[in-house]
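One structure below.
The values are calculated or read from the model by the stated rules, or taken from the named source; none is laboratory data. Remember, it's a predicted structure, so these values are computed and weren't measured experimentally. With ideal geometry, Cβ positions are generated from the backbone for all residues, glycine too; neighbour counts draw on all protein chains shown. Side chains included, ligands, DNA and RNA excluded: accessible areas come from the protein's heavy atoms. Shrake-Rupley method; radii C 1.70, N 1.55, O 1.52, S 1.80 Å.
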Amino acid sequence: MTRVGVNGYGTIGKRVADAVAAQPDMMLRGVAKRSPNHEAESAVRRGHDLYAADPERIDEFERVGVPIAGTLPDLLDDIDVVVDCCPAGVGARNRERYASHDVRAVFQGGETPDVADASFTARTSFEQARDVDSVRVVSCNTTGLARLLAPLNETYGVEKARVTLVRRGGDPAQTDRGPINDIVPDPATLPSHHGPDVRTVLPGVDVDTAALKAPVTAMHTHSVNVTLDGTPTADGVRELLEQESRLFLVPEAAGIDGAGALKEYALDCGRPRGDLWENCLWTESISVSGTDLYLFQNVHQEADVVPENVDAIRAMMTDTPAEESITRTNDALGVGLGSRLGEQLTPNGPVTADD
Ligand code: NAD
């Protein structure tokens, strides 16, 4: 059993905590948080031991009646690995503290690559995370791009990928984010930093990205153009991508036309928090012209990195082979959305009683 703690219990931290708790070979020893807000209270309700990240703020937890099991140093003394899910930049400041407790660390994509020994997605970088002291799970957009480009590169060779990222302005709970009535180039400089970040996990792949921020909270949307070395067919690409366990090819017949319907489907399927751990690719968008492939995919920013964090722990802490770890994580969480959709739907729409 790998003993795990999560430091930073917000959008990503609470999801990672639940995902770790669901793994039969991992034990969630507790979560640490700086502020005694509603997320702290809900951590306790969910049965997690809660630790005060800042020992000087213990009084604040006591004042609002949120019981704590100790402070962050107590948690660090009790675990093998910490998953740092603090706001971007705070992870780097925590690095020395983790090392001083002899605890390995998983950082998130808001940190710069030099925060850790290796950058990580399970599909591209599992072996690079062996026996290192720290890894950085790359950002939601980078994870989504790496999962897509890795099989394309292995099968056809990627000559050049060009991706426009229409990013959500903020997460649903981030009332201070925007824009609220605009679409903003962000960054306005081209290409954006996302392409270089993809190369931290797919070093050989040439990818340029341009990014915008839109007044939505549900998901990011990627408009993808990949010039391949080989000449693909749309059917061939579809069949290739269907084999990837963390890609959900949304069937045309499902009647899912956007992020709202995707989230609704996830909620209807009983996904916790309506989470979409898979990239969601619009099957009918997969098109080929010569060596150029085009498609749209959506990425749920709050969720796609969650199974990656679980695999990062296993890669660092055990000798479990990559495929086995990915399968174990998928099975424990229920990754594999849409696996029944193809069976249940006819090309003309949902199966009804009359069908
Ligand atoms: P968040 O603001 O939702 O959560 C951060 C949590 O850390 C909060 O609970 C906050 O109270 C707590 N915190 C703040 N300072 C702390 C400290 N010093 N010690 C312990 N806890 C502290 O942030 P998030 O969106 O979950 O992002 C966490 C990391 O994940 C960032 O690196 C971010 O870039 C990355 N990430 C975020 C998303 C996303 O869409 N939200 C997606 C992928 C990766």
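The table below gives the values:
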quantity: Added length on full extension, which subtracts the Cα-Cα distance from 0.36 nm per residue, Asp114 to Thr233; calculated: 38.9 nm
quantity: For the chain, alpha-carbon Rg relative to the globular expectation (2.2 N^0.38 Å, N residues); calculated: 1.00
quantity: Cα pair distances exceeding 18 angstrom across the range 1-156, given as percent; calculated: 58 percent
quantity: Relative contact order [Cα under 8 Å, 6+ residues apart], the chain, whole percent; calculated: 16 percent
quantity: Cα-based reach from Lys33 at 27 Å (exclusive), listing lysines while leaving out same-chain residues under 8 positions away; calculated: Lys14
quantity: Per residue accessible area of the range 136-179, 1.4 Å probe, in Å²; calculated: 34 Å²
quantity: Computed label-point distance, nm, for sites Glu41 and Ala22 using a 7 Å Cα→Cβ extension; calculated: 2.6 nm
quantity: Within the accessible area of the range 84-182 (1.4 Å probe), percent carbon and sulfur; calculated: 43 percent
quantity: Sorted largest first, extent of the range 1-62 alpha carbons per principal axis (Å); calculated: 35, 18, 17
quantity: Ellipticity estimate at 222 nm from DSSP helix runs (n ≥ 4, -39,500 (n - 2.57)) divided over the chain, nearest 500; calculated: -9000 deg cm²/dmol
quantity: Charge sum, other residues only, whose C-beta stays under 11 Å from Asp18's C-beta, Lys/Arg counted +1 and Asp/Glu -1; calculated: +3
quantity: Efficiency of FRET between Glu56 and Gln174 - r from beta-carbon atoms, R0 25 angstrom, step 0.05; calculated: 0.45
quantity: Estimated dipole of the chain in Debye, rounded to 20 [Cβ of Lys and Arg +1, of Asp and Glu -1, Cα centre]; calculated: 660 debye
quantity: Between the range 128-179 and the range 51-69, the Cα center-to-center distance that results, in Å; calculated: 35 Å
quantity: DSSP-defined antiparallel bridges as percent of all bridges, the chain, nearest 5; calculated: 40 percent
quantity: Positive-end residue, the range 137-242 charge dipole about Cα centroid, Cβ charges, pick of Ala211, Gly178, Tyr156; calculated: Gly178
quantity: Directionally averaged shadow of the range 50-111, computed from the convex hull of its alpha-carbon atoms, nm²; calculated: 4.3 nm²
quantity: Unit Cα scatterers, Debye sum, the range 203-277: log10 I(q)/I(0) for q = 0.14, 0.19, 0.20, 0.26 Å⁻¹; calculated: -0.67, -1.11, -1.18, -1.34
